[in-house]
Every structure is written in structure tokens, then in C-alpha cells.
Amino acid sequence: MKTARFPLDSEDPEVDASDLQDVEQRLRDSEARLRLALEAIDAGVFDIDLVRGTHRWDRRVRELLGLMPDVAPTAQSWLACLHPQDRHRARREFEDALGDPDHDGVWHLQYRVRKPHGGWRWIEERGKLTYGESGPARRTVRLTGVMFDVTGRVEAARDAAGSTQRLRESEERLRLAMESSSLGYWDSDVVARQMVLSDSAQRFFGLPGHEVVAVDELLDRVHPEDRSRVAAAYARALDTAGDGAFRQQYRILRQDGSVRWIDAMARTHFALADGRQRAMRNVGVMWDVTEQRQAEGERTKLVHELREQRRRLDVVLNNASVAVFLMDERGQCVYMNPAAERLTGYTLAETHGRRLHDVIHHTRPDGTPFPLHECPIDRAFPENNQEQGEEVFVHKDGSFYPVAFTASPIRDETARTVGTIIEARDIRREKETMHALREADRRKDEFLAMLAHELRNPLAPLTNALRVLELGAGLGAREQAMLAMAKRQTGQLRRLVDDLLEVSRISRGKIVLRPGRVAVDDAVRQAVESVDHEISRRGHAVDVRLPDAPIFVRADPARLAQILENLLNNACKYTPDGGRIGVAVIDQGEHVDLRITDNGVGIEPDQVSRLFELFQQIDVTLDRSAGGLGIGLAMVKHLVSLHGGRVWAESGGRGLGTTFTVRLPKDDSASE
């Protein structure tokens, strides 16, 4: 519907002027006849020309509106007379009537205007809208009508209908409240065993359109598990010996198979019949509480899960050996588990609401204060990062003790940091154990060094004696064989002693490198030559592959040779006679790989990582003279790391050979 603008005098008319002479003539003819009738009923006449935007009021209209003769008849002056609560409604109804092309042309409006001496009077307007055209394009051109005082009639009607209206309003409010709150009601005729159901109650039971239902039919719709209980409660409510109250929650089965929960309460009305007190009516209300029951079930389940989680968490925290502290965003302690109380000597009650730093971390072991801003634990919150390390705490008794800690920020669902969780572990025993281990390791190194020196001292005269005997004449074949065996064993002993001395130097950090620019291919050739005797003795085939152009590394020549010789000797030891050994130098850009491969006994993949451990021998069934002390590869790893490189081993398993790779950084600088 198109809404017309209210025809204020200052606005241009929206209705086009047309030939209205016929219409105006008819109005003038009827005006004289109407005037007499209007004076008889004390009514005023108004005429609004919607084309020209002019208003004409007679004297009675001005009197009814309470306007002085000098006030111009306009829309604004008319609206100004109306009660504030009626003004907007009157204007809206006027505009709607003008803008509705399907309007029936009848004008009727009631509103209040102020009386000259205070108070309000009711005014009623009745009139007719006149149109200049017909059909969809018709336009309202005029509103003519009468106005009269209906205050007495309105007040009389209001007084007469007051009680009825209040009752209707109360009933309507009750109905609306029931409908809006999913509340249904019933009124049961106990004698006839029939119930009158409200619309909501009908929907609850899945019986739309069934206002009157037998009580037994409704009981049949109660869930079988609840039916006997509800029937018994209903029977008790009808018993004259009771108070007539009924209150039950139960399930109902609807025709579509769905189950709904109902909460119902009622009261029975008793009356005398045949000289006895009898139940006559049972009136009550009911709610559909299905969603509520489901929500309660979910809430109960959630509460149970939360309690179970809390119980498990309490079990973990209460039995944990690690101390756990919780601090809020102000850095104040809000939780300590039993381990934390044992660690610090404080109870939660003693630390709650206090800065943890001020309680257990306020002083350094030398007695100087430990400022909060230097505390690494406290940094976890403002920097929003996890902090780990070791610190020294102060016990309640004033003693100091070392701890290993982890401080992590706690974030809420919006990722805002709201606190800190601190885990702390007493490491006094660990410190003591580490000190004892370091002391034992130091003594072991001293013992190995002393043992190596003590063994080396008699080796020199033994070696010299064997050389003198070898130069002598008159030795038979048996003596020659025994002399050769003694020389071999003496050489093996010398190598073992040298290895022990190397281990001692490595353990005490006594190895000093003398690096220089070394050509890798030269180092490989020299290493192969140094083990040539053993290779020839075992009948090994050696395949050496070197790059066309020399590759240089920054290394100690003697130590690089020691690395390669150890790996080649290892390949010879664990490769059967007649086996193959490969040596390759591979350019890897910024690095160079020295790769030594054999087709020997191989190693199980899960044991490869143990090869470079000190005194470690994977195959303990080998003869000790072949296996050595198990320190050669450990020395290789240490020497390679001193050169800024790394070494690793690979094997497919037993009988599939082994590959050792040494990777060193290249030296591309110009030759010195």
C-alpha cells in the first residue's frame, strides 16, 4: 500500500488538479441540508481540500478543538490540539487512508483534546473521502466530515465494560503467558473422566484439534515405565482423604514415535454430592521440559566428566614427585601441590596470595638480594614464553638448594596470558651424583694415563731385546718362529698402550691440533700405504677412487692420517681374508666426504649408534687381539669433531658389510 504524505499547508499538493466542478457543485447543494441536521446534534463541520491544501472549519469545530478564532485552520494547528498519546496514531491513520488505493472512502477517527479548563474530552470524526479518478490511478481530492463530543458516551461505555474488559485482559494475559512459556493446561471432569486440553497441551501429546480427550487415552500415551506411577499419583490426587495435589514429571509417547518429557502439577476441587465429599474437577498446568531434561542430562554428564578429570588431575598432582606451582597474572601463588610443599617447607596457606619469588627465590646463595626483574622464572609471564633452566631456591629453614625448573605461561580461550605454571625438581642428588661421576671419571683418566705410562716403560727394553736377538746368529726354525710371535705381540701391546694414552689425552682435553691446508687425496694415499702390510697379509682387494682435481681441507695432517688409518684398520679387522675394501673421496660442495666401505661381517642397524662409544665392541666373540680395546672409533669421532666435521656408519645387517663416512669442511682458500 502506498502511503500518502500528510497534507501540511506548506507542502505542494501531491494530487493533480482536475476538472472537479461537478463534485464541488454536489457538495454545495448538500451543505445547506446538512447544516440544519448538524446543529441539531451539536456537531461541527470540517472540509479539507487536498488539491489546494486548504482547511475549512466551522465555529463548532473550533469550540470542540479549543481554538481561538484567530488561529488559522491548518494540519499543524489540528495536530497540536490532540493528546500526545493520540497524535501519532491520528496522523498515521490519516496518511494511510489517503494513500490506500483500495480504501472504502469512509473516515472514522476518535481522539482526545484538552478542555479549556483542564482535563480531556473525547472527539469523534466521521466523514467521507472523495476521489477525482477511478481505478488504480484514483487520487483522494477531498475529506469532508463532522466532529462531535463523545466524552460522555466513551466514559459510560468504559465504566460499563470495565469489569468485563479486565477479566478478558486477565484471561488473555494468562493465555499468552501459557503459549509463550510452553505452558499447557487441562480441566478434567472427574465424574465423566474427560479432560479439556489447551492448544499447547494438545501439541504436547501430539493431539492437535482434540480439545476433549478421555483421561484413559492420555494415560495410554504416558511412557510404559512411567504409566503406573502417574496413574497412582492421579488417583491419590482424587482421594478425598488427601489434599488433592498432583505433581509429576513423566515421559509421553507421541504418535510419530518421539518421546517428550512433561512436568505437570494440578489441584483437585471437591464438592458435596449425594451427601458425600467427592472429587469433581482436576485442574492443572503442564510444561514440556524435554529440552530442560536433555540439558540437565548433558550438564550432569559434563559435571561428572569435569569431576572425574579433576579427580584424576588431583591424583596426578598429589602423587607427583615434581613440585607444581600456579601463579596468577599478578605473580601471586594460587596453588601448590604436596610435592611443592615438601620442596619449599611452606604450605599453600602460607604462600597463597604472595609473590612466589618473594617467598622462595629472594636471595642468592652468597646472601645478596635476587631482584625480581632478573628472575628467569618471572620472565615467562610478561614475555609469554616458556623458560627452562636451573636456579637456587631458599627453603623455609633458610637453606639453599638447587632446582631444575620449567615456567610456562597459562593462556585462556582467547590466547590471553592469565598466569604461570611452574614445575620444579630438587636436583641436589643429581648434582652430587654428577660430581661423583666426574670425580670417578677424572680418577679413571689418571689411572689410564698412569697405566699406559707404566706399561710403556718396560716395552722399550723388551723391543730392543727382541731386535738384538733377531740380529744374532744360530737361531733355529723354532726359535725364529717364537721370536716372530714375540715381536707381533709386543707390537700389539705397544698399539694398545698408545691407544690408552690417546684416550687419556682426549678425556683430559690435552689434544692440540696443528691445522694446515691438507690435500685429501695425499692423505688417503698415505693412509692406504700405512696399512698396506695388513691388506696384503689378509689378501684384501682395495679400490681407491680419488677426484680428478685435488680437494683441500683445514686439518692436522697427523690426526687426519690417524683418522683414516683407524678406519682402514677397522675395515681390515672385520673383513674376511680375500674381501673387498673401497676408499672414495666425494666432493659435496662445501664439504668433502671420505667414504670407507667393506664387505665384511656388518652390523645390525639397531647397534650402529653404539659403534662410537668408548670401550664398545659390538661383536664380543671376536678374538681380543683382533678386536682391540674398543677405543679406536671413539677416538675417530672425537678427532673428527675437533676438525668441525662428523662421522657416521651404515650397515644393512650381519654379513652385509659396513660403510664409514667422514665429512669435513672444505678449505677453498689460496695455498699458503
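Before moving on, here are some points about what is shown:
- Prolate/oblate/rounded call for segment 538-580, Cα gyration tensor, a/c under 1.5 rounded: oblate
- Linear extension gain, residue 216 paired with residue 70, 0.36 nm per residue minus alpha-carbon span: 44.7 nm
- A Förster radius of 51 Å combined with the Cβ-Cβ distance from residue 483 to residue 434 puts the calculated FRET efficiency at roughly 0.50.
- Tensor-based shape of segment 455-594 (alpha-carbon gyration tensor, a/c under 1.5 rounded, otherwise prolate or oblate): oblate
- Between the C-alpha center of segment 279-308 and that of segment 356-394 there is a gap of 52 Å.
- Shown in residue order for segment 598-611 are the 3J(HN,Hα) couplings computed by the Karplus curve 6.51 cos²θ - 1.76 cosθ + 1.60 at θ = phi - 60°: 9, 10, x, 5, x, 9, 5, x, 6, 9, 4, 5, 8, 4 Hz (x for Gly and Pro).
- Cα principal axis extents for segment 257-327, largest first, Å: 83, 32, 23
- Two-decimal log10 I(q)/I(0) for segment 36-130, as the Debye equation yields it once each C-alpha is a single scatterer, q = 0.11 Å⁻¹: -0.33
- Residue 513-residue 494 pseudo-label distance in nm [points 7 Å out on the Cα-to-Cβ vector]: 2.9
- Cβ-defined net charge surrounding residue 550, 12 Å radius [Lys, Arg +1; Asp, Glu -1]: -3
- Note on residue 128: aspartates and glutamates with a C-alpha under 13 Å away, same-chain residues under 8 apart excluded, are 47, 49, 104.
- Qualifying lysines (Cα of each under 27 Å from Cα of residue 396; at least 8 residues distant if same chain): 431
- Under 26 Å from the Cα of residue 666 - lysines, other chains or at least 8 residues apart: 510, 637
- A Förster radius of 51 Å combined with the Cβ-Cβ distance from residue 417 to residue 610 puts the calculated FRET efficiency at roughly 0.70.
- Whole-Hz ³J(HN,Hα) from phi, Karplus 6.51 cos²θ - 1.76 cosθ + 1.60, for segment 352-366, glycine and proline x: 4, x, 10, 5, 4, 4, 6, 9, 10, 9, 8, 9, 7, x, 7
- Counting all C-alpha pairs of segment 91-146, share separated by more than 16 Å (%): 49
- Measuring nothing but how far apart in sequence close Cα pairs (under 8 Å, 6+ apart) lie, relative to its length, segment 450-602 scores a relative contact order of 20 percent.
- Shape category assigned to segment 337-387 from the gyration tensor of Cα positions, a/c cut at 1.5: oblate
- The label-point distance for residue 406 and residue 314, in a model that sets each label 7 Å from Cα toward Cβ, rounds to 2.5 nm.
- Descending principal axes extents, segment 368-441, alpha-carbon based, whole Å: 53, 28, 19
- Residue ranges 535-546, 336-347, 48-59 sort as 336-347, 48-59, 535-546 when ordered by packing (mean number of other C-beta atoms within 10 Å per residue, highest first).
- A simple spin-label model places pseudo-atoms 7 Å from Cα toward Cβ; at residue 388 and residue 199 they are separated by 6.8 nm.
- For the pair residue 267 and residue 342, a Förster radius of 60 Å applied to the C-beta separation gives a FRET efficiency near 0.40, rounded to the nearest 0.05.
- Size of charge dipole - segment 500-608 - debye, nearest 20, with Cβ of Lys, Arg +1 and Asp, Glu -1, no other charges: 520
- Less than 5 angstrom separates the built amide H of residue 139 from those of 132, 133, all sequence-distant by 5 or more or on a different chain.
- Ordering of 370-381, 395-406 by packing [mean C-beta count within 10 Å, highest first]: 370-381, 395-406
- Segment 233-294, dipole about Cα centre (Lys/Arg Cβ +1, Asp/Glu Cβ -1), debye to the nearest 20: 100
- Local charge for residue 646 was computed over the other residues whose Cβ lies under 12 Å away, with Lys and Arg +1 and Asp and Glu -1, and equals +1.
Each reported figure results from applying straightforward, stated rules to the coordinates on display, with no laboratory input. Keep in mind the model is a prediction, meaning the values are calculated, not measured. Ideal geometry is used to build each Cβ from the backbone, glycine not excepted, and the neighbour counts take in all protein chains shown.
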